[in-house]
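The values are calculated or read from the model by the stated rules, or taken from the named source; none is laboratory data. Computed from a prediction, not measured in an experiment: that's the story for all the values here. Backbone-built Cβ (ideal geometry, glycine too); neighbour counts: all protein chains shown. The area values use the complete protein model at the heavy-atom level, side chains included, leaving out ligands, DNA and RNA. Shrake-Rupley method; radii C 1.70, N 1.55, O 1.52, S 1.80 Å.
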2 protein chains.
Amino acid sequence: MNLYEETISALKAIVGDPACIVEEIDTAPYTTDYRKLYKGKAIAVVFPSSTDQVSQVMSWCFSHNIKVVPQGGNTSLMGGAVPDETGDAIILNLRRMAQILAVDKLNDTMTLQAGVTLSSARAAADEANRLFPLRIGSEGSCQIGGNLATNAGGTAVLRYGNMRDLVLGIEAVLPDGRIYSSLRGLRKDNTGYDLKQLFVGSEGTLGIITAAVLKLMPKPQSASAAFVAIENPAAAIELLGLAKQLSGPTLTTFELVSADAMTLVCEYLGGVKPPLADNPAWMVLIELTSTGPQDALDASLVQVLEAGMEAGLVSDAAIASSLSDLQAFWRLREEISDAQTRTGGSVKCDVSVPLSHIAEFVDKATTKVKSIAPASRMIIYGHMGDGNVHFNPLRAADQDAKSYLTNHYQAISDAVDSIAHSFQGSISAEHGIGVSKRDDLLKYKSSVELDLMWQIKNSLDPKGLLNPKKVLPSIA
Amino acid sequence: MNLYEETISALKAIVGDPACIVEEIDTAPYTTDYRKLYKGKAIAVVFPSSTDQVSQVMSWCFSHNIKVVPQGGNTSLMGGAVPDETGDAIILNLRRMAQILAVDKLNDTMTLQAGVTLSSARAAADEANRLFPLRIGSEGSCQIGGNLATNAGGTAVLRYGNMRDLVLGIEAVLPDGRIYSSLRGLRKDNTGYDLKQLFVGSEGTLGIITAAVLKLMPKPQSASAAFVAIENPAAAIELLGLAKQLSGPTLTTFELVSADAMTLVCEYLGGVKPPLADNPAWMVLIELTSTGPQDALDASLVQVLEAGMEAGLVSDAAIASSLSDLQAFWRLREEISDAQTRTGGSVKCDVSVPLSHIAEFVDKATTKVKSIAPASRMIIYGHMGDGNVHFNPLRAADQDAKSYLTNHYQAISDAVDSIAHSFQGSISAEHGIGVSKRDDLLKYKSSVELDLMWQIKNSLDPKGLLNPKKVLPSIA
């Protein structure tokens, strides 16, 4: 037996024969990324069913220098969860570790295995009359372990924070198979370095998250939402200031949507009309949620809108007057991503800048894109309240998707990132680095930052076996 | 010149003669800790005035193997900010780096140097019609750098989180003098490891924080508070659940106070009467704050209290009916710490446990303390809403402070920590480790946790020069 055959037989002994697949026809769904941009190879895909099995797999791989790619729901947009084409790694998929281990209502926490999907986690919270607030498009497939490993964001960050803010404890298996655990559900614990922070957002390059303790929130009893017409992004930021002051912490969502994005999603959904007359150039979707009564919340939303009109920021608004309105509003927002995918030919930039510069950023980046590819549709939308926009220029309806991307992808992507950076922004606000943006870090991180990242990587994964060639660019 | 003389002259050349003090009479305030439990020695105390000077000092010390103890307001309760008696370290005090660099109202952020005191930071936020929510007793002396390095907590964590939750960016000088910076004010940035997390809560052992970008919150326009009589800590936790549900995110403070703590602080303040008739065995101080009108908030507090009464949890309540009432309530809460210090002879335990176990913890720890030192006054108070209590048994009025501590300190402290640990709790919820609890980590941390801490330490500070002998216990 060669090393790979030996590895397969060792893995089968650990996880059981059916939980270790090797044939290319079986492994294909796991070696191909969500956006079908990366197609790799793997020695095997293993599906451990316990932390102990993960630990055994990692021990074996460590002592035999086998690389390991951790994988949750395989919904990475950055190629972060699939191996490359060399075929020298196994995939360790967490799917079978999908148990909710405990819901502690007094402590407002939930302990679960890493393979629980986000939607299952949200459902378990709901059943306990609580809210787990993370809300992202892939919730039916993505898993809590991946959400943590990528520090997922989404549409409720404004109120509840990113995944890093929602976790109290982590269990992770280290590259050598040892198990780190802080599954204790404490809101305060200043006993040395907060080691769990290492694993959050490290995209599986430092350890494999196997379980977590998450915070639960009081379950909102009411929600009020409106699509609001605004003149431009600068007006959106001013309106955001009013909403923060007037609605306080009930302000949950503040999402920007450009006219082109609205037109696209309405076409995609078929026969759906834009929520505002004449489909204005810019809209925001505002949502307030609260544990209090609906009428008070509605009044608060109206107060924000009236203040916005008085200040000359708001020209028109459509208020959701029923649950089905609310759902329809959210559908318009949430389907923008799929609408682009289906259309094809879009340059996806996920950037953030300080709120004080986001209007300038949008102006400058739009001008630049129009100079590169004048006919582009400007699909600009996302989490304005967090300073994060998905800035995704799209081919014109009569342009060919492939040639648009061939001719313009790199130029547009580089220009947008560079403009975001010039405003002290981030070239990946919530999607992470994976392989897609790894080498861009050479341009946008200081040498001290790159050194520190490598120091941490080398210290925790001295053999470089865990999720190789992800996140960290090669430095001299 | 020997190495120390050479060091002093090099430091004077960097920071200027008057900003480097060496005589013991001058250095004494800096070599002695806040509680006067630790008295060390230093080669010199330097007061750099810029990040560049800090960098130069660190470079010099690194290349000459000189140890460095970073120091902010020197308010550590754990001996974390003073050198030991060997006299082989310099103290690097941040006091002169006290500039507010920027307040960005649109971004709701504030950029400041590490030596700004917490009260100055709060005042700067207030001037911009914003709130910087960290609230701890030492705010007039403690500095933002120290608050970050110790991940400070306090009385508003329930609503706003710990210091880790309030920071968006950090500038820190590494042991070798290089400067790390993420002073960009972004709410979302998933471009590689979140390196600032390393420095938060590391108590100056990995780098010297020189500046930070902090989050600002909308400034509350109203506050409602009450002291509430409850039968026991279990009832407090049930009441907390009601308050979370009914008051939502306006719930800002939920502090437990035992009868002994109330009696002590009233005596200390002189002629002050307890807020509730017959000074009940247990009280909680509840505060709601909001950007909305006072009357709505008052109504919300009354609703919580009525629900508490209906559920049999609340037997009596005193509502603050004026600003001076509110201040008087807070004074009772905040002076408990000084009342103990003045009285002398108290065993300070700062523990946290999951909220679902805190009532059991208090019962069990109380029984144990009474078996060790039956006459002890049970000064139990603090941040119940975070699962964090200051559990501080105090000598009886007629006992001698010194002999009480000699006879009982170690036994009580060990017992309380061990009981907290048995409930998955923390032996230092917010005060940190410093030197006081360093060796206790050997008992309460797993070998994996200790290894990881040392791996990080050795990676970032390979010569072990930064705040030596703090936080990390020696392992074999």
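Considering segment A:234-249, the residues that are open to solvent by 20 Å² or more (accessible area, probe 1.4 Å) and more than 23 Å from the chain's Cα centre (by Cα) include one that is nearest to A:GLY154 (Cα to Cα), namely A:LYS244. Is it the case, given these coordinates, that A:GLU360 is surrounded by fewer than 15 Cβ atoms within 10 Å (Cβ to Cβ) and either of a type in the set (Asp, Glu) or away from chain B (no Cβ under 14 Å) (or both)? When the stated conditions are applied, A:GLU360 does not pass them.
Checked against the criterion of being among the polar types (S, T, N, Q), in contact (Cβ under 8 Å) with a residue 24 or more places away in the chain, closer than 27 Å to A:ASN107 by Cβ and more than 14 Å from chain A (Cβ to nearest Cβ), the candidates B:ASN392, B:ASN388 yield just one match: B:ASN392. The residues in segment A:69-84 that are part of a strand (DSSP E or B) and open to solvent by 10 Å² or more (accessible area, probe 1.4 Å) can be counted, and the count is 1.
If I filter segment B:422-438 for residues that are within 14 Å of chain A (Cβ to nearest Cβ) and in a helix (DSSP H, G or I), do I get at least one hit? Yes: one or more hits.
Can you pull out the residues in segment A:301-343 that are of a type in the set (Gly, Ala, Ser), open to solvent by 20 Å² or more (accessible area, probe 1.4 Å) and out of contact with any strand residue (DSSP E or B) (no Cβ under 6 Å at 6 or more places or on another chain)? Hits for segment A:301-343 are A:ALA307, A:ALA311, A:GLY312, A:SER321, A:SER322, A:SER324, A:ALA328, A:SER337. Comparison of B:LEU441, B:LEU394 shows that the only residue that is touching a Ser or Thr at 6+ places or on another chain (Cβ under 9 Å) and either under 30 Å from B:PHE227 (Cβ atoms) or modelled with pLDDT under 95 (or both) is B:LEU394. Please work out which residue is nearest to A:ALA359 (Cα to Cα), limiting yourself to segment A:402-415 and to residues that are aliphatic (A, V, I, L, M) and open to solvent by 30 Å² or more (accessible area, probe 1.4 Å). Top of the filtered list is A:ALA411.
Out of B:VAL369, B:VAL351, one residue alone is open to solvent by less than 10 Å² (accessible area, probe 1.4 Å), under 18 Å from B:SER413 (Cβ atoms) and part of a helix (DSSP H, G or I). It is B:VAL369. Filtering segment A:146-193 to residues that are polar (S, T, N, Q) and either touching a Ser or Thr at 6+ places or on another chain (Cβ under 8 Å) or closer than 26 Å to B:HIS390 by Cα (or both) leaves A:THR150, A:THR155, A:SER181, A:SER182, A:ASN190, A:THR191.
Listed here are the residues, each with its yes/no results for (1) polar (S, T, N, Q); (2) free of Cβ contacts under 8 Å to residues at least 60 places away in the same chain.
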| residue | (1), (2) |
| --- | --- |
| A:ASP278 | no, yes |
| A:ALA281 | no, yes |
| A:GLN294 | yes, no |
| A:GLU306 | no, yes |
| A:ALA328 | no, yes |
| A:LEU332 | no, no |
| A:ILE336 | no, no |
| A:SER346 | yes, yes |
| A:LEU355 | no, no |
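State whether one or more residues within segment A:447-457 are outside any strand (DSSP E or B), more than 8 Å from every other protein chain (Cβ to nearest Cβ), under 22 Å from the mean Cα position of the chain (by Cα) and aromatic (Phe, Trp, Tyr). No, the conditions are met nowhere in segment A:447-457.
All of B:GLY248, B:GLY312 fail the test of being within 14 Å of another protein chain (Cβ to nearest Cβ) and on the phi > 0 side of the Ramachandran plot, apart from B:GLY248.
You will find that of A:LEU195, A:LEU174, A:LEU166, the residue that is without any contact (Cβ under 8 Å) to a residue 40 or more places away in the chain, open to solvent by less than 20 Å² (accessible area, probe 1.4 Å), closer than 26 Å to B:SER422 by Cα and within 12 Å of chain B (Cβ to nearest Cβ) is A:LEU195 and no other. B:TYR180 meets the stated requirement of being open to solvent by less than 10 Å² (accessible area, probe 1.4 Å) and either within 10 Å of chain A (Cβ to nearest Cβ) or part of a strand (DSSP E or B) (or both). Cβ-Cβ distances below 7 Å connect the following pairs, each with a first residue in segment A:431-457 that is under 20 Å from A:ASN147 (Cα atoms) and touching a residue at least 24 places away in the same chain (Cβ under 8 Å), a second residue that is of a type outside the set (Val, Ile, Thr) and surrounded by fewer than 20 Cβ atoms within 10 Å (Cβ to Cβ), and a separation of six or more residues or different chains: A:VAL435/A:LYS469; A:ARG438/A:PRO473. Residue-level check: of (1) open to solvent by 40 Å² or more (accessible area, probe 1.4 Å); (2) under 21 Å from the mean Cα position of the chain (by Cα), A:GLY115 misses just (1). Confirm whether B:GLU287 is among the charged types (D, E, K, R) and surrounded by fewer than 18 Cβ atoms within 10 Å (Cβ to Cβ). Spelling it out, it is not the case that B:GLU287 is among the charged types (D, E, K, R) and surrounded by fewer than 18 Cβ atoms within 10 Å (Cβ to Cβ). Here A:TYR404 passes the criteria (1) more than 10 Å from every other protein chain (Cβ to nearest Cβ); (2) farther than 18 Å from B:ARG184 by Cβ; (3) not in a helix (DSSP H, G or I) except the one numbered (3). Being open to solvent by less than 40 Å² (accessible area, probe 1.4 Å) and within 25 Å of the chain's Cα centre (by Cα), is that true of even one residue in segment B:1-20? No, every residue in segment B:1-20 fails to be open to solvent by less than 40 Å² (accessible area, probe 1.4 Å) and within 25 Å of the chain's Cα centre (by Cα). The set of residues in segment A:51-68 being in contact with a Ser or Thr (Cβ under 9 Å, 6 or more places away or on another chain) and open to solvent by less than 20 Å² (accessible area, probe 1.4 Å) consists of A:VAL54, A:SER55, A:CYS61, A:ILE66. Evaluation of B:GLU24 against the conditions (1) over 26 Å from B:ASP176 (Cα atoms); (2) under 25 Å from the mean Cα position of the chain (by Cα) shows that the sole unmet condition is (2). For segment A:118-163, a tally of residues being within 27 Å of B:ASP108 (Cα to Cα), open to solvent by 20 Å² or more (accessible area, probe 1.4 Å) and either in a strand (DSSP E or B) or free of Cβ contacts under 8 Å to residues at least 12 places away in the same chain (or both) returns 2.
Taken over segment B:135-163, the criterion of being among the charged types (D, E, K, R) and away from chain A (no Cβ under 12 Å) is satisfied by B:ARG135, B:GLU139. Restricted to segment B:85-103, and to residues there that are over 23 Å from B:ASN151 (Cα atoms) and surrounded by fewer than 24 Cβ atoms within 10 Å (Cβ to Cβ), the residue that is farthest from the other protein chains (Cβ to nearest Cβ) is B:GLY87. Restricting attention to segment A:416-473, the residues that are surrounded by fewer than 17 Cβ atoms within 10 Å (Cβ to Cβ), small (Gly, Ala, Ser) and closer than 22 Å to B:TRP454 by Cβ total 1.
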